[in-house]
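Shown next, in structure tokens, is the structure this report addresses.
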Amino acid sequence: LPDFDGNGFHDLLLWKPQRVSLTADGLARAATQGAWPITIVAHPFAPEKMRYGAKPMGHIEMEIPLSWYMASGGAGPLKTIFLHDIDGDTRTDFGCLTDERTIAIWRFRPEGFPSSPDLIHRFPEAIDEVLFETDLEGQGRTTIALRSQGHLYLLRPTTRFTR
């Protein structure tokens, strides 16, 4: 479970679809582009109030494949989510596949999530599965192993990516 602000309490991660114009033009554009815009927000747990804060810690806006959104049945349109400390700062970072071949990672900062991802990488082929997500070096930074049809990819944090 995520602890974005590193205070020892679990935080909420919520998603909502953005309103696409319900005109014929707006719906046709979404269908033609094959993407649906969503917003992801994280709400901190405030231990002094014993509830989640109303103000989100940043907004992450992205477009996901329309087929993912339609197939989710409202359960959640993202196929693969990464909730780990990527950079070793004791705060949970957020990452996901934004389409079959692209990963994006947002590092959490004291002011919240930035609007743009810290890392975007497009693989040459579709990712089939996540093999593991673990701290291989014992430094508090998470390495992610992804498998495609013909390759194994290791996303290993380096000092250039971390603070």
Query raised in the report: Taking K and R as +1 and D and E as -1, what net charge do the other residues with C-beta under 13 Å from the C-beta of SER67 add up to?
Result: -2
Query raised in the report: Considering amide H positions built from the backbone, and no H for Pro or chain starts, which residues 5 or more places from ALA46, or on another chain, come under 5 Å of its amide H?
Result: ARG51, TYR52, GLY53
Query - Vicinal HN-Hα couplings computed from phi for the stretch 35-52 (Karplus, 6.51 cos²θ - 1.76 cosθ + 1.60; Hz; Gly/Pro x) - result: 9, 10, x, 10, 10, 10, 10, 10, 10, x, 7, 9, x, 5, 9, 6, 7, 7
Query raised in the report: Normalised by the residues of the chain, what does the relative contact order come to in percent, with Cα pairs under 8 Å and at least six apart?
Result: 16
Requested in this report: List the residues whose amide H sits under 5 Å from the amide H of THR143, counting only those 5 or more places along or on another chain, with H placed 1.01 Å from N in the peptide plane.
Outcome: THR134, ASP135, LEU136
Report task. Please give the solvent-accessible surface of LYS49 in Å², to the nearest 10, using a probe radius of 1.4 Å with every protein chain present. Result -> 120
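For the chain, give the magnitude of the charge dipole about the Cα centre (Cβ charges: +1 Lys/Arg, -1 Asp/Glu; no others), in debye to the nearest 20.
Rounded to the nearest 20 debye, it is 320 debye.
Which shape class, rounded, prolate or oblate, goes with the chain when its Cα gyration tensor gives a ≥ b ≥ c as root eigenvalues, a/c under 1.5 marks rounded, and past that a/b bigger than b/c marks prolate?
Numbers: a/c = 2.17, a/b = 1.16, b/c = 1.87.
In terms of gyration-tensor shape, oblate.
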Query - Solvent-accessible surface ranking, highest first, for ASP87, ASP99 at 1.4 angstrom - result: ASP99, ASP87
**Report entry** Set of lysines with alpha-carbon distance to LYS79 below 22 Å, sequence-local pairs under 8 removed
**Finding:** LYS16
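Throw me the Rg/Rh for the stretch 82-132, computed over C-alpha atoms with Kirkwood Rh, two decimals.
Numbers: Rg = 11.7 Å, Rh = 11.7 Å.
That ratio is 1.00, to two decimals.
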Query raised in the report: How many nm separate the modelled label positions at ALA145 and HIS10, each set 7 Å beyond the Cα in the direction of the Cβ?
Result: 2.7
**Report entry** Rel. contact order, % - alpha carbon contacts under 8 angstrom, at least six apart, the stretch 114-163
**Finding:** 27
Report summary line: Any residue on another chain or 5+ positions along whose placed amide H is under 5 Å from the amide H of SER148 is listed here as ASP128, TYR153
**Report entry** Simple spin-label estimate for GLU125 and THR39 in nanometres, 7 Å along Cα-Cβ
**Finding:** 3.9
Requested in this report: State, to one decimal in nm, how far the label point of LEU152 lies from the label point of MET50, with both points 7 Å from Cα in the Cβ direction.
Outcome: 4.9
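The values are calculated or read from the model by the stated rules, or taken from the named source; none is laboratory data. Remember, it's a predicted structure, so these values are computed and weren't measured experimentally. We place every Cβ from the backbone using ideal geometry, glycine too, and count neighbours over all the protein chains shown. Protein only, heavy atoms only, side chains kept; ligands, DNA and RNA dropped before computing areas. Shrake-Rupley method; radii C 1.70, N 1.55, O 1.52, S 1.80 Å.
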